[in-house]
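Remarks on the structure that follows.
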Amino acid sequence: MKTTDVQKLYDRYVLPTYSYLPVCLVKGKGAKVWDLAGKEYLDFFPGWAVSGLGHCHPKVVSALKEQSRKILHISNNFLNLTQARLAERISKESFPSRVFFSNSGAEAVEAAIKFARRSGSESGRYEIITMENAFHGRTLAALAATGQKKYLEGFDPIPEGFRKARMNDLDSVVKQITPKTIAILLEPIQGEGGIHVASAEFLKGIREICTGKKMLLILDEVQSGMGRTGKMFAFQHYGIEPDLMTLAKSLGSGVPIGALVVSNKINNVLTAGLHASTFGGNPLVARASLAVFEAIKKEKLLKNAQDMGDYLSVALEKLRHKFSFVREVRGLGLMKGVELAIPGKPIVDECRSGGLLINVTQERVLRIMPPLAVTRKQIEKAMGILEQAFQKI
Ligand SMILES: *Cc1c(COP(=O)(O)O)cnc(C)c1O
């Protein structure tokens with residue numbers, strides 16, 4: 001089969017909800033992927049920030065092999081050993097909590113919204129404050145929380161009870177608080193929004209407001225979690241703890257799993273039958289996710305993400321000084337954004353021709369999120385390709 005044959009199948013049978021590239025990826029290993037034509041790429045945005053350990057990490061692959069010989073799926077009405085061990089691991093790595101498992105980020109956010117509303121139901125509070133430029137997923141409530149016009153158009157009526165404030169502007173948050181506010185939901189680092197990092201002052205301020213007004217702080221770490229920023233979770237840079245936290249994307253480094261982590265402080269609102277997911281946290285995906293945690297620890301990937309993140313910052317800053325259209329380099333650890341004064345798509349396309357996969361978001365922000373085990377050599381090579389693309393533009 002050729003790439004054009006695959007494209008024909010798409011044109012005929014796959015709903016056109018994505019603008020796809022004429023590249024069919026068929027194999028991956030670590031930071032490398034190969035397409036159907038055999039071309040090799042360095043992947044600095046593996047699986048849209050899902051394959052955090054890189055493609056086909058050996059520990060994840062053998063965990064899947066092992067588990068698939070035992071049992072793939074059981075109902076959540078039976079005790080599931082791997083799910084229990086994973087919940088323990090997530091809780092111990094984050095804050096005293098219990099965990100609900102979903103299959104995706106949007107579902108984890110959806111669960112967070114439901115749990116927040118439930119906890120406010122007695123006092124009649126249901127409003128949730130979210131940030132401009134946020135991204136929380138594509139289910140209706142997650143979209144309402146996202147609140148960006150381009151995603152909402154034509155989907156009315158959308159669930160009510162969401163109010164918008166501005167990232168890193170505490171006054172704008174305070175202005176949105178009403179007697180009905182139950183929670184503030186935000187990403188510690190906005191991903192799709194263009195890699196905007198919450199300032200320490202802002203996040204600590206939000207924590208204080210939430211504690212003072214008995215509101216819940218929900219952190220969406222679907223993109224920033226699992227070692228991406230050099231700590232297991234981005235909130236750990238700030239010396240604060242959320243009341244709820246959502247995870248997905250690289251939680252399974254390639255298998256679909258999401259999670260809502262709920263602080264023990266609010267667990268009393270949760271009872272049997274309150275929420276459910278048929279697939280959520282099944283033995284196969286939970287086993288893979290356990291392998292992700294093991295790999296991050298054994299291979300010291302948090303340290304590598306910090307070190308390589310610093311190295312990448314220096315390299316990108318060099319490019320900023322060299323090319324006047326590079327406005328700003330932002331991010332934490334291996335979650336980097338490069339804001340340009342020009343559209344980023346031609347640069348992403350140029351990089352891909354040169355053998356490097358990166359992403360552009362908000363039209364002008366290049367998003368670079370290599371696997372946590374990325375090496376100096378791979379970064380050097382990627383920067384060479386990026387520089388060439390900058391030169392050609
Ligand atoms: C990707 C993303 C989501 C949605 O996750 P899905 O798995 O696509 O539903 C939610 N929140 C953040 C911060 C994300 O980056």
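The values are calculated or read from the model by the stated rules, or taken from the named source; none is laboratory data. This one's a predicted model, so the numbers in the text were calculated from it and none came from an experiment. A quick note on method: Cβ atoms are made from the backbone with ideal geometry, for glycine too, and the neighbour counts reach across all protein chains shown. Areas reflect the complete protein model, heavy atoms only, side chains present, ligands, DNA and RNA absent. Shrake-Rupley method; radii C 1.70, N 1.55, O 1.52, S 1.80 Å.
Leaving out ligands, DNA and RNA, what percent of the accessible area of the chain is carbon and sulfur, probe 1.4 Å?
About 54 percent, which is the carbon plus sulfur part of the accessible surface.
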The lysines whose Cα lies under 16 Å from the Cα of Lys92, excluding any fewer than 8 residues away in the same chain, are Lys231, Lys265, Lys297
In Å², nearest 10: area of Asp307 left accessible to a 1.4 Å probe
60
Correct semi-axes for the chain, from √(5λ) of the alpha-carbon gyration tensor and rounded to whole Å with the largest first, are 33, 26, 21
Under a 10 Å cutoff between Cα atoms, tell me which one of Gly281, Gly120, Gly52 has the largest fluctuation in the Gaussian network model of the chain.
Gly120
So, relative contact order of the chain in percent, Cα under 8 Å, 6 or more apart, is 21
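Rounded to the nearest 500, what is the chain's calculated 222 nm mean residue ellipticity when only DSSP H runs of at least 4 contribute -39500 (n - 2.57) each, over all residues?
Taken over the chain, the calculation gives -12000 deg cm²/dmol.
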Length gained if His73 through Cys56 is fully extended, taking 0.36 nm per residue and subtracting the Cα-Cα distance, is 4.0 nm
Roughly how big is the range 300-343's charge dipole about its Cα centre, with Cβ charges of +1 (Lys, Arg) and -1 (Asp, Glu), in debye to the nearest 20?
60
Pick out which of Ser253, Ser19, Ser62 has the largest mean-square fluctuation in a Gaussian network model of the chain, springs linking Cα atoms closer than 10 Å.
Ser19
If you take the charge dipole of the chain about its Cα centre, with +1 on Lys and Arg Cβ and -1 on Asp and Glu Cβ, which of Asn76, Gln388, Asn264 is farthest toward its positive end?
Asn76
Compute, for the chain, the length of the dipole vector about the Cα centre, with Cβ point charges of +1 (Lys, Arg) and -1 (Asp, Glu) only. Units Debye, rounded to 20.
760
Report the residue, chosen from Gln306, Gln148, Gln83, that carries the largest GNM mean-square fluctuation when the chain is represented by alpha-carbon nodes joined by springs under 10 Å.
Gln148
7 Å from Cα along Cα→Cβ at both Arg327 and Leu9: what's the point-to-point distance in nm?
4.1
Taking loop as defined by DSSP and a crowding limit of 16 other beta carbons within 10 Å, which trypsin sites (Lys or Arg not before Pro) in the range 131-228 fit?
Arg138, Arg166, Lys180, Lys213, Lys214
Heavy-atom surface of the chain, accessible at 1.4 Å and reported per residue (Å²):
48
How large is the accessible surface of Cys24 in square angstrom, using a 1.4 angstrom probe and rounding to the nearest 10?
30
List the lysines whose alpha-carbon lies under 16 Å from that of Lys2, not counting same-chain residues fewer than 8 positions away?
Lys27, Lys39
Loop-exposed GluC sites (Glu not before Pro) per DSSP, neighbour cap 14 Cβ within 10 angstrom, longest uninterrupted part of the chain:
161-362
